[in-house]
1. Assess whether SER65 counts as being modelled with pLDDT of 85 or more, over 24 Å from ARG186 (Cα atoms) and surrounded by 18 or more Cβ atoms within 10 Å (Cβ to Cβ).
2. Can you name every residue in the range 62-81 that is in a helix (DSSP H, G or I) and hydrophobic (A, V, I, L, M, F, W, C)?
3. I'd like to verify a number: residues in the range 68-93 that are small (Gly, Ala, Ser) and modelled with pLDDT of 90 or more, how many?
4. So, restricting to helices (runs of 4 or more DSSP H) that lie completely within the range 94-195, which ones have at least 3 residues that are modelled with pLDDT of 75 or more?
Amino acid sequence: MAEIVATIPKAARQQTEADIRELGLVNDFLKGDEKAFLRLYSRYEAPLLVYCRKMCNDDRTAEDSFQETWLRIYELRQRTIEVQHFQSLLFRTARNVCYNRLRKEQVRSRGRVDIDEDTLSIAEVDKTEQDEVRALLSRAIGKLPIEQREVFILHEYSGFGYTDISQILGRSESSVKMQAFRARMRLRQLVAGWLGLTSDDDPLHHSPFKR
């Protein structure tokens, strides 16, 4: 079997104890420890599944992408690779898998909006208006450029900070923040426009996504 190791980056002094413990866990997994793999799976199962669901707009596609991502991670044992940041590696892998499936299903998915907004809470509107705004927000997220959509999803739904997102996507933190800002502005414009509101009546003004 090829030698595979998880290494502590040169900037290790900036890493937390949790980061260093995770590198040890990754190293054990790469050496064949099944329990270590299960612990990593358990740790990232929920945020990764949310990411795949929001990116793919389709539950079945998301589940397939989720499983394929973990399969690719598992297969790292068969390769010579140096892992410095498992979280970034995992979500970059998921990103590539989702991109590939989105391309294949672009024609079939055109015009569909299946994003569930089960965690969204919008204040000061009645239930009918809530349902309408949620549906419109789902539609709006699907219309975001892919670069903005993935930043928005990673931050608002998977709960990652901008530093983590910059590592996952391989972009500067300032670029990530700008994409997040543009995503929020675009969502507000789209939903307000569909509802025939002015910016002063912004339906997302009191949502958790307001910064």
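The values are calculated or read from the model by the stated rules, or taken from the named source; none is laboratory data. Computed from a prediction, not measured in an experiment: that's the story for all the values here. Don't worry about glycine lacking a Cβ; one is built from the backbone with ideal geometry, like all the others, and counts go over all protein chains shown.
1. Yes: the conditions hold for SER65.
2. Selection gives ALA62, PHE66, TRP70, LEU71, ILE73, LEU76.
3. Number satisfying all stated conditions: 0.
4. Where helices (runs of 4 or more DSSP H) fall fully within the range 94-195 and carry at least 3 residues being modelled with pLDDT of 75 or more, they are 127-143, 146-156, 162-169, 173-195.
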